[in-house]
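Taking it in order: structure first as structure tokens, then the write-up.
The values are calculated or read from the model by the stated rules, or taken from the named source; none is laboratory data. Model, not experiment: these values are computed from the prediction. Note that we place each Cβ from the backbone using ideal geometry, even for glycine, and neighbour counts take in every protein chain shown.
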Amino acid sequence: MDLLLDSLTVAVDGQRLVDALELKVGHEEVVGLLGPNGSGKSTTLRCVYRALAPTAGRILLDGEDITIMDRRACARRLAAMTQEQQVALDFSVAEVVAMGRAPHRRDHERLTGADQELCHQALAMLDVAHLAHRSVLTLSGGERQRVLIARALVQQPQVLVLDEPTNHLDIHHQLALLGLLRRAGLTTLVALHDLNLAAAACDRIALLREGRLVTVGPPAEVLTPELVRAVFDVDAVVVTHPRTGTPQLLFDAPAGPLG
Ligand SMILES: Nc1ncnc2c1ncn2[C@@H]1O[C@H](COP(=O)(O)OP(=O)(O)OP(=O)(O)O)[C@@H](O)[C@H]1O
């Protein structure tokens, strides 16, 4: 299933937060959305998971406009892990993950054996099986993030939208998630801040600045010192990882106040 952002525009008070964004995520492709703070990454993703209605433009799943799609039908195809997902109630980890099955079940229908098996697999895959009976309110930031990714996976979507899924994760779990994304075979749009993780995890990278697409392409074509300087205002040296062959950036240590 492919995801197409067709001239996506979000304007608030006359200001374009996302400006005529044109981006296609191909079937089972992983595309990273990168850009400085405030460049429009989350706003774009919010439109894709339908938390925000675009001002103009369309979002298409295999050619079908998601804004007119039945909500449950959409949730069977597309799952998201977002910045705004809060689990404020005292549910257990197992219960929260099982909520991911809701689009596939009728109201109040019990989980089938197959549903339970899926939940067990996702809990194990995200290394949260040992927390299954804990209240989500007691989790650390990284544990909660992994639980929410497990919930998105049990939705069995074909399209996955992730907003900074690694920002609370330690390096072990960052790399594990990256491996999972590579193997999952899902059409994935993921906002990331870590350029090196993006280079390793993504088939292509879309660079945003001030709501506009600067460029999109394979990591080696996008993560050049020139583009990184133009978009992020930092100097970087690009090296090739000796074992994986992916481009990796080395940054100069900061030498002054923020700004
Ligand atoms: N409802 C709103 N009203 C006004 N401005 C908004 C609104 N929502 C977002 N913005 C602004 O739109 C811009 C883009 O925000 P967005 O959250 O999409 O950026 P981002 O690229 O995800 O940033 P970050 O890297 O900091 O998470 C920001 O300047 C933000 O302040």
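Tabulated data
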read-out: Pairs with Cβ under 8 Å, 6+ apart, first in region 40-59 and away from the ligand (no atom under 12 Å from the Cβ), second among the hydroxyl-bearing types (S, T, Y) and modelled with pLDDT of 95 or more; value: P54/T9; A56/S7; A56/T9; G57/S7; G57/T9; R58/S7
read-out: Checklist (1) within 16 Å of the ligand (Cβ to nearest atom); (2) more than 21 Å from G26 (Cβ to Cβ) applied to L162, failing item; value: (2)
read-out: Verdict on T9 being surrounded by fewer than 22 Cβ atoms within 10 Å (Cβ to Cβ), under 20 Å from the mean Cα position of the chain (by Cα) and away from the ligand (no atom under 16 Å from the Cβ); value: no
read-out: Unique match (being within 17 Å of the chain's Cα centre (by Cα) and within 16 Å of the ligand (Cβ to nearest atom)) among L178, L192, L213; value: L192
read-out: The one condition in (1) surrounded by 16 or more Cβ atoms within 10 Å (Cβ to Cβ); (2) within 16 Å of the ligand (Cβ to nearest atom); (3) of a type outside the set (K, R) that M1 fails to fulfil; value: (2)
read-out: Subset of region 30-39 (residues that are closer than 14 Å to A199 by Cα and more than 6 Å from the ligand (Cβ to nearest atom)); value: V30, V31, G32, L33, L34
read-out: Which numbered condition V18 fails, given (1) within 22 Å of L181 (Cβ to Cβ); (2) among the β-branched types (V, I, T); (3) within 16 Å of the ligand (Cβ to nearest atom); value: (1)
read-out: Conditions (1) farther than 20 Å from L197 by Cα; (2) aliphatic (A, V, I, L, M); (3) away from the ligand (no atom under 13 Å from the Cβ): number failed by A80; value: (1)
read-out: Residue match in region 67-76 (condition: touching a strand residue (DSSP E or B) at 6+ places or on another chain (Cβ under 8 Å), farther than 22 Å from I149 by Cβ and within 16 Å of the ligand (Cβ to nearest atom)); value: no
read-out: Check on D115, touching a strand residue (DSSP E or B) at 6+ places or on another chain (Cβ under 8 Å) and either over 17 Å from Q156 (Cα atoms) or more than 16 Å from the ligand (Cβ to nearest atom) (or both); value: no
read-out: Hey, A114 modelled with pLDDT of 90 or more and touching a Gly at 6+ places or on another chain (Cβ under 9 Å) or not; value: no
read-out: Selection from region 1-16 of residues that are assigned to a strand (DSSP E or B) and in contact (Cβ under 8 Å) with a residue 24 or more places away in the chain; value: L3, L4, L5, D6, S7, L8, T9, V10, A11, R16
read-out: Unmet criterion (only one of (1) on the phi > 0 side of the Ramachandran plot; (2) free of Cβ contacts under 8 Å to residues at least 60 places away in the same chain) for L178; value: (1)
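The rows are residues; the columns are (1) touching a residue at least 12 places away in the same chain (Cβ under 8 Å); (2) on the phi > 0 side of the Ramachandran plot; (3) touching a helix residue (DSSP H, G or I) at 6+ places or on another chain (Cβ under 7 Å).
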residue: L197; (1), (2), (3): yes, no, yes
residue: E210; (1), (2), (3): yes, yes, no
residue: V214; (1), (2), (3): yes, no, yes
residue: F232; (1), (2), (3): yes, no, no
residue: Q248; (1), (2), (3): yes, no, yes
